[in-house]
Amino acid sequence: MDELPILTRDILQTRTADLLARMAPDRRLPGRAIRIETTSGSSGAPAHHFQTAHDAMIDAGLLLRLYRELQLPIAGQFFNLGLHRAGQPLLETRIVPGAYTYWNLRSAQNGGAKVEYAVALASARPTVIYGAASRLRELAEYVLNAHLAVRPRAVLSSYEQLSAATRGLLEQTFRCPVRSVYGSTELGLCAWECEQGALHVQADQVIPEVIDDLGAPVPRGTPGRLIFTSLKSWLMPLVRYDTGDIAALRREGCACGSTFPVLSPFEGRRAAYLYTRSGRAASPYKLMSIVDRTGVARYQLVQREKGSAELILDCSDDAVDLRECEAEISAFLGEEFRLYKHAGAPFIYTATGKLNPVLSFVDTQDALSDAKET
């Protein structure tokens, strides 16, 4: 398979028609049997993926598998705190994977959904709470401040990196399993955490690869570009699709007994890498893990020039001392890296309400040129 070219999002955006399967005369699909999924565009311009009702059935089967693993009931209340989608009703009824009432608490602005939280929690007890990590944290803080006892069967975090601090808050607030799930609009559901905390790829539906910048496979345990081949779609096959994420396939198996491969903790999206003054790229998640140890719960790292970053806090707590954190990051990178604290400054959200924990506005080509010169 490694002889096949890598499919990138740029190709998906610009050559959509070329990626559609050529249909035989007896296999033509009516327009109503085809749906077009559009990405949020949070990591660039939106891309389109054509799917059939058959693809939707496979995705429904994967969702049912996840529900069975979590021992979730076949009916209940689903609180959806995902990305903002204009025009979506507050309430929907779905029968996949069971008869669930969906509460679409998807306000685009931070804090804008609190009225919806109050209405939903006064009307229903959530069976499942799903959404972006920042939105889940917002709901948990609302529940704690309102002194409410909200006890779902599971909390599922997606879209954003789930930090240890946020996971701890969710477990403390909701007193139920908190699991990360991984997927995309194009690929659907790809992986989720087991009870041991290992992120298992559902390898009977998507085949994972990890490659280097030249496209060569890397050994297990070595981070690289995360590539997926989807086995779910024949109308618009995604073969060796570059997710844009940096991750590794773990060498060892998992104590839970699953034979599905395990993804090691993500090191971030390539587009969000931070750069040292000499132009070397640094994993944003490695730096985030250092910042997490300061006890700061909600923040955003924004880089505008090489060798430094702004640490935006959504509070006015001037007691946060970054000197030790700055020193640890500098030691990890092997050269000086400065952090500038902006307490009380607003976070930068995408148009769909996604909070990327790390943003880089450094010109990638300039950074890479500097690294080669040194």
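The values are calculated or read from the model by the stated rules, or taken from the named source; none is laboratory data. From a predicted model like this one, the values you see are computed outputs, not experimental measurements. Cβ: placed from backbone, ideal geometry, glycine included. Neighbour counts: every protein chain shown. What goes into the accessible areas is simple: the full protein's heavy atoms, side chains included, and nothing from ligands, DNA or RNA. Shrake-Rupley method; radii C 1.70, N 1.55, O 1.52, S 1.80 Å.
Out of the residues in region 55-77 that are over 19 Å from residue 193 (Cα atoms) and surrounded by 16 or more Cβ atoms within 10 Å (Cβ to Cβ), state the one that is farthest from the chain's Cα centre (by Cα).
Checked region 55-77; the qualifying residue farthest from the chain's Cα centre (by Cα) is 76.
If a residue must be open to solvent by less than 40 Å² (accessible area, probe 1.4 Å) and in contact with a strand residue (DSSP E or B) (Cβ under 8 Å, 6 or more places away or on another chain), how many such residues does region 167-181 contain?
7
Quick one: residue 338 ticks every box in (1) within 24 Å of residue 138 (Cβ to Cβ); (2) more than 26 Å from the chain's Cα centre (by Cα) bar one, so which box is it?
In the conditions (1) within 24 Å of residue 138 (Cβ to Cβ); (2) more than 26 Å from the chain's Cα centre (by Cα), residue 338 misses (1) alone.
Working carefully through the options 221, 215, 244, find the one that is closer than 18 Å to residue 6 by Cβ and out of contact with any Pro (no Cβ under 9 Å at 6 or more places or on another chain).
The match here is 244.
In region 245-262, how many are in contact (Cβ under 8 Å) with a residue 40 or more places away in the chain, open to solvent by 10 Å² or more (accessible area, probe 1.4 Å) and either part of a strand (DSSP E or B) or basic (Lys, Arg) (or both)?
The total comes to 2.
Could you list, in sequence order, all residues of region 217-265 that are small (Gly, Ala, Ser) and under 23 Å from residue 284 (Cα atoms)?
Correct list: 221, 224, 244, 247, 248, 264.
Among the residues of region 78-119, write down those that are under 14 Å from residue 132 (Cα atoms) and surrounded by fewer than 16 Cβ atoms within 10 Å (Cβ to Cβ).
85, 109, 111 - these are the residues of region 78-119 that are under 14 Å from residue 132 (Cα atoms) and surrounded by fewer than 16 Cβ atoms within 10 Å (Cβ to Cβ).
Can you confirm whether region 334-341 contains a residue that is modelled with pLDDT of 80 or more, assigned to a helix (DSSP H, G or I) and over 18 Å from residue 304 (Cβ atoms)?
no
Anything in region 212-249 that is hydroxyl-bearing (Ser, Thr, Tyr) and out of contact with any helix residue (DSSP H, G or I) (no Cβ under 7 Å at 6 or more places or on another chain)? List them, or say none.
222, 229, 230, 241, 243
How about region 205-236: which of its residues are modelled with pLDDT of 95 or more and among the charged types (D, E, K, R)?
Selection gives 209 alone.
Taking the condition free of Cβ contacts under 8 Å to residues at least 40 places away in the same chain, open to solvent by less than 40 Å² (accessible area, probe 1.4 Å) and under 21 Å from residue 178 (Cβ atoms), does residue 150 pass?
yes
Looking only at region 188-242, filter to residues that are part of a strand (DSSP E or B) and among the β-branched types (Val, Ile, Thr); which one of those is nearest to residue 59 (Cα to Cα)?
Per the stated criteria, the residue is 206.
Can you list residue pairs whose Cβ atoms sit under 9 Å apart, with the first residue in region 323-335 being open to solvent by less than 50 Å² (accessible area, probe 1.4 Å) and the second being part of a helix (DSSP H, G or I)? Count only pairs 6 or more apart in sequence or on different chains.
Every condition considered, the pairs that remain are 325/290; 325/291; 329/286; 329/287; 329/290; 329/291; 333/287.
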